[in-house]
Amino acid sequence: MLPHAKEIYAPIAAAIDSIFPTKHAFTMKTDSGISILVHIGTDTIQLEGIPLELGANEGDYVKPGDFLGTADFDYIKDKGKGIEMYVVFPELDDSKKLTLTKRDRVSSQDIIGTI
């Protein structure tokens, strides 16, 4: 999904499990134990966190739509990196059902999927 604003919001109710030192990605864990990886941009690890500010901390519990931080997507593009936002479920298997709603554009309050 391509961002339309610099603000980053929580996609799901979960605890912030870990934040990469370069702030380009963080992991979350839901109450039911589902892990989520949120990755900001493509190859943004190489930018060493310069265009990213996260206000959330490891251990914080967030709800969908809670403000997590900002990204300077113009800076990211100027450095030749992708600005895609990835929400990955690395441990999702057939025992859990993920239903997504396709939308061209979403706001921080839109529900785009359920588990």
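Remarks
- When residues in segment 48-59 are screened for being touching a Gly at 6+ places or on another chain (Cβ under 8 Å) and open to solvent by 60 Å² or more (accessible area, probe 1.4 Å), 1 of them pass.
- If you go through segment 9-42 and pick out every residue that is in a loop (DSSP other than H, G, I, E, B), in contact with a strand residue (DSSP E or B) (Cβ under 9 Å, 6 or more places away or on another chain) and under 22 Å from Glu91 (Cα atoms), you end up with 10.
- Residue selected from segment 1-29 under the condition among the β-branched types (Val, Ile, Thr) and at pLDDT 90 or above, by the criterion nearest to Gly49 (Cα to Cα): Thr22
- Answer from Gly55, Gly41, Gly59 - the residue that is touching a Leu at 6+ places or on another chain (Cβ under 9 Å) and touching a residue at least 40 places away in the same chain (Cβ under 8 Å): Gly41
- Yes/no for Val62 being open to solvent by 40 Å² or more (accessible area, probe 1.4 Å) and either in contact with a Gly (Cβ under 6 Å, 6 or more places away or on another chain) or of a type in the set (Val, Ile, Thr) (or both): no
- Pairs with Cβ under 9 Å, 6+ apart, first in segment 4-33 and closer than 13 Å to Ala56 by Cα and open to solvent by 40 Å² or more (accessible area, probe 1.4 Å), second part of a loop (DSSP other than H, G, I, E, B) and hydroxyl-bearing (Ser, Thr, Tyr): Glu7/Ser108; Tyr9/Ser107; Tyr9/Ser108
The values are calculated or read from the model by the stated rules, or taken from the named source; none is laboratory data. Predicted model, so just to flag it, every value in this text is computed and none were measured. Note that we place each Cβ from the backbone using ideal geometry, even for glycine, and neighbour counts take in every protein chain shown. Ligands, DNA and RNA are stripped out before the accessible areas are found, and what is left, the full protein with its side chains, is counted by its heavy atoms. Shrake-Rupley method; radii C 1.70, N 1.55, O 1.52, S 1.80 Å.
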